[in-house]
Amino acid sequence: MIRLSAKSRYAVSALMHLAMHREAGAVPLAEVSVCQGISMSYIDQIFWRLRRARLVRGTPGPGGGYRLGREPAAISIGEVIALMEGDGNRRGSTSALDEALWSELTERIDGFLRGITLADFVVRPQIREAILRQYSGRQWRCDVCGALATRRHAPSGEPTP
């Protein structure tokens with residue numbers, strides 16, 4: 001089984017959160033932290049990388065937060081993982097066979113992950129249901145996904161003041 005770092009998993013989850021709330025406007029980083037169970041210091045590190053790669057863009061000030069830098073269909077899971085993992089998890093080969101085998105497997109896995117986008121998951125009913133289950137029992141629930149939130153949304157999807 002392939003193991004991804006917590007940073008990669010959290011980055012994908014945070015971007016999914018932004019994608020799910022896309023119509024509701026900018027998402028405060030504190031909301032992502034609470035809803036996804038990621039400490040603020042860790043989410044700051046993740047969003048620093050996401051900003052530099054232009055996967056997210058920030059809106060400063062009251063009512064500000066983060067939005068996706070591109071359409072969900074233009075952000076692949078593989079791109080996010082590659083950004084977060086960098087070259088740190090590449091191991092050296094021990095033989096020509098080892099090199100050939102792992103080189104091909106890595107290419108196939110990377111290709112597969114690059115073929116999956118945030119949009120592929122946003123439309124899945126089981127993803128929305130999982131989010132609703134994850135945050136059941138909380139005091140504040142987002143009107144978009146049911147997540148704990150500090151902002152409310154109008155029925156049209158436009159943020160309310």
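If you plug the beta carbon distance of Ala100 and Glu71 into 1/(1 + (r/R0)^6) with R0 = 30 Å, you get a FRET efficiency near 0.20. Less than 5 angstrom separates the built amide H of Thr117 from those of Ile77, all sequence-distant by 5 or more or on a different chain.
Solvent exposure of segment 1-118, expressed per residue, is 57 Å² of accessible area, with all protein chains present and a 1.4 angstrom probe.
Using the Cα coordinates of segment 1-74, the gyration tensor eigenvalues translate into equivalent-ellipsoid semi-axes of 19, 14, 12 Å, sorted from longest to shortest. Here the simple spin-label model places points 7 Å from the Cα toward Cβ, and for Leu4 and Trp48 these points are separated by 2.2 nm.
The values are calculated or read from the model by the stated rules, or taken from the named source; none is laboratory data. Bear in mind the structure is a predicted one, so any value in this text is a computation, not a measurement. Please note: Cβ atoms are built from the backbone with ideal geometry, for glycine as well, and neighbour counts cover all protein chains shown. Quick note on the areas: whole protein, heavy atoms, side chains included, nothing else; ligands and nucleic acids left out. Shrake-Rupley method; radii C 1.70, N 1.55, O 1.52, S 1.80 Å.
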